[in-house]
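Undergrad: Can you read through this structure? Questions will come right after.
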Amino acid sequence: MFDTSKGSRREVIDQDERERLTASNTLFIDTRRRRPKYFDGRFLTARDLTRDQTYFLTRQADLGRSIGAGVVNGLMVEEGGTATSLHIEPGLGVTPSGELVSVPARLTLDLADIPSAQRLNAALGLSLRPLDPARSRSGLFVLALRPVEFTANPIASYPTSITGPRSVEDGEIIEATAATLIPFPDEGDAGEWNLRRSRVAHQVFVERAMRGLPAGVLPLAMVAVDRNIVQWLDPFLVRRELGVWQGEVLGLGLGTKSLRYAQVQQYEAQLQDVLRDRGTRGQRFAAADHFLALPPVGHLPLAAIDLAEFSQIYFPPEIEVELSVIPDDEVPVLLDESLTLPPIDLTLGEGQQDSTSVLILVPVDRTRMDELKARLTTVRRSFKVAAPGLVAKRSPLELLQGLRLPRVVLPTVPAVNLQDSAWREAVQLAADAGTGLLWYVRRRNLTISAESAGVAVSLPGNVRPVPLPPVGVITTPVLGGGPTILGTGPIAPVVAPVRMTAPKKSRSRSTPRRKG
């Protein structure tokens, strides 16, 4: 067993074993992993010490790559006090190449002062057109941090020979972090800033076709700039948290966990911007008016639901939407499970959303669940289709209700539906607790058959048959809720009966009457 207190855990092999492994092609040498071997009497040069530092920096970068890339903590980007400034909170992150980047204190940046990586953009094909001058910069940009280093603090350098002159050289290598703007390729019109934001979100989270950023930078936020004036700032389009970095779900192409979390955070931030731009939350709008894709979990405004007719316009009419009452302590678990499902693509045409189902959650305190269940016949309720032209999705009752014949309208007192009132009360309380917003989750589509097969098996003779109840007419839900006439004879006992059938009425022989 290796002693961890004595340095490297690598096994030392001799010259003969090295030659044998090399001859059998079973020895693999990493040219980056090479460091000087020190011994007494060796002539030491600056190159040897530099190689020593390079070796440890390479191993540190490899370790950084093994844990993933993303933000460790902090580094949140916010809009500054002016229309051209941004704030970066202090924090730490790891680039895809494994390098550490850090911001020790809160920084305020002016967009006109942030340089663009022009040479890097041209080499990677990130720029589709020549870059604008810094003072008139417009378009979509990714604000990123890149690790840099420079030399400083000059000291005296002694001559390397007897006749050589003395000189001055920088005595330290200082590692630092630089902020840079990387232009993001986008073909949208400059005036359609919100539409461009939705298009990029669809490209990143649904298509996952975002052109790769340089491996040596850590993206923090995407910013839309019009002549250096910030139009919108969206960190979660490109920001990824290191704490939730994982591989794809079972390798099925569902994306990393950090990508799914980022989509939810990006959607929530954009939804707040949409609600703020529209004024009040009382306005009804469809999700497709502002988004091209929705995450599998998220919020929707209460105004998108019509509690008078129990219809909704937020989701496309092809999607099956239901309300569901759920204990409030089960909401986090349900949200986490739904994150494994793919996002809802709103760009799909008619007929492609028929297999998509959404559940709008109505969280209720567990102590009130029994009371609410007593007022409701079921804890789920389907929505009516709000689209007037979608006839195929309507039920026959809805079609008949739409047929209106001209007649004299008499003043009547509207009937109060106690179940509808209970649903409205529960939904309103849940929305008030969520500041006018409700949670929705995408549901799995599983075909579960309620039918199962059973085989009658005779029990041993010492088991007494179960007698039938007395003769009479009873109502049983298994037989469709209708009346069933039961006989008096015994029935054959079965194991795990699943399907019941009504026993046939026994025929009684007629007794001839006596004459006289």
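We did not get these values from a lab; they are worked out from the coordinates using the rules stated. Quick caveat: nothing in here was measured; it's all calculated off a predicted structure. Here the Cβ positions follow ideal geometry from the backbone for every residue, glycine too, while neighbour counts run over all protein chains shown.
Undergrad: If you take the beta carbon distance between Ile155 and Ile13 as r and set R0 to 56 Å, what does 1/(1 + (r/R0)^6) give as a FRET efficiency, to the nearest 0.05?
TA: Working: r = 42 Å, r/R0 = 0.74.
After rounding, the FRET efficiency stands at 0.85.
Undergrad: Now a separate question. Could you check the simple spin-label distance between Leu49 and Val379, using points 7 Å along Cα→Cβ, in nm with one decimal?
TA: About 7.0 nm separates the two model spin labels.
Undergrad: Okay, moving on. Students often check this: by mean Cβ neighbours within 10 Å, which of 220-231, 15-26, 366-377 ranks highest, and how do the rest follow?
TA: With the highest mean Cβ count within 10 Å placed first, the list reads 220-231, 366-377, 15-26.
Undergrad: What residues from the stretch 76-95 fall in the zone where the backbone N is under 15 Å from a label point 7 Å along the Cα-to-C-beta line of Ile67?
TA: Once the point is set 7 Å along Cα→Cβ of Ile67, 91-95 turn out to lie under 15 Å by backbone N, inside the stretch 76-95.
Undergrad: Just grab the label-to-label distance for Arg424 and Arg278, each label 7 Å out from Cα along the Cβ direction, in nm (one decimal).
TA: Modelled inter-label distance: 2.2 nm.
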